[in-house]
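A quick write-up on the structure given underneath.
The values are calculated or read from the model by the stated rules, or taken from the named source; none is laboratory data. These numbers come from a predicted model, not from an experiment. Here the Cβ is made from the backbone with ideal geometry for all residues, glycine too, and neighbour counts use every protein chain on show. The area values use the complete protein model at the heavy-atom level, side chains included, leaving out ligands, DNA and RNA. Shrake-Rupley method; radii C 1.70, N 1.55, O 1.52, S 1.80 Å.
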Amino acid sequence: MDARLNLFGNALATKVLKHINSASKAVSDSGLPHAIQELVKIRASQINGCGFCTDMHTKDAAHAGETAQRLHLVAAWREATVFTDAERAALELAEQGTRIADAAGGVTDEAWTNATKYYDEDQLVALISLIAVINTYNRINVINQQPAGDYQPGQFG
């Protein structure tokens, strides 16, 4: 598969991605635990069918010490015993926030209330921002048919 556009060589794409990357950096530097960030990015990317982001974030998570078992079970987190209650709350929020078109009510009050048990206000801002940012990246890459498989950990800084 070849990408439809060379997003890394287009001046306008570079400008747009620079702003999205700035938002991503703000979330990355927040108080939201890095492991939670990677799990959320992986799950949203799986839901959206974004191979490029799934490849990137599973490799980054493994490089940061995440276990293969947990990475293999992200898609089935509800049945897996390897995730904490806090991770489960973040994954539920990520799923509902990614699938908002599938649910007339958007994110449920139950999912939100559960997340507030584990995350403070700044972490919640980071979490919902992360969900929005990864969904943006996913949509750009899926629309562009960005090929997956060649990513190397730390490739983008």
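Taking the criterion of being part of a loop (DSSP other than H, G, I, E, B), more than 20 Å from L127 (Cα to Cα) and under 13 Å from the mean Cα position of the chain (by Cα), the only residue of the stretch 5-59 that qualifies is G49. Residues in the stretch 32-50 that are more than 19 Å from F156 (Cα to Cα) and not aliphatic (A, V, I, L, M): P33, R43, Q46, N48, G49. Test E38 against the criterion of being touching a helix residue (DSSP H, G or I) at 6+ places or on another chain (Cβ under 7 Å) and either loosely packed, with under 14 Cβ neighbours inside 10 Å or under 14 Å from V133 (Cβ atoms) (or both), and give yes or no. When the stated conditions are applied, E38 passes them.
For D150, are the conditions met, namely being charged (D, E, K, R) and either within 24 Å of K15 (Cβ to Cβ) or touching a helix residue (DSSP H, G or I) at 6+ places or on another chain (Cβ under 9 Å) (or both)? For D150, the condition - charged (D, E, K, R) and either within 24 Å of K15 (Cβ to Cβ) or touching a helix residue (DSSP H, G or I) at 6+ places or on another chain (Cβ under 9 Å) (or both) - is met. Looking at D29, D55, just one residue is under 23 Å from P153 (Cα atoms), of a type outside the set (V, I, T) and loosely packed, with under 13 Cβ neighbours inside 10 Å, and that residue is D29. I134 satisfies every condition listed in (1) β-branched (V, I, T); (2) open to solvent by less than 40 Å² (accessible area, probe 1.4 Å); (3) over 23 Å from D55 (Cα atoms) except (3). In the stretch 76-102, the residue that is farthest from A132 (Cα to Cα) out of those that are more than 16 Å from the chain's Cα centre (by Cα) and open to solvent by 40 Å² or more (accessible area, probe 1.4 Å) is T81. Number of residues in the stretch 70-110 that are closer than 18 Å to K41 by Cβ and part of a helix (DSSP H, G or I) equals 21.
Checking T113 against (1) at pLDDT below 95; (2) out of contact with any helix residue (DSSP H, G or I) (no Cβ under 9 Å at 6 or more places or on another chain), which test does it fail? So the condition that T113 fails would be (1).
Scanning the stretch 139-154 turns up no residue that is of a type in the set (F, W, Y), open to solvent by 20 Å² or more (accessible area, probe 1.4 Å) and either closer than 25 Å to D29 by Cβ or at pLDDT 95 or above (or both).
Of all residues in the stretch 118-127, those being part of a helix (DSSP H, G or I) and surrounded by fewer than 18 Cβ atoms within 10 Å (Cβ to Cβ) number 4.
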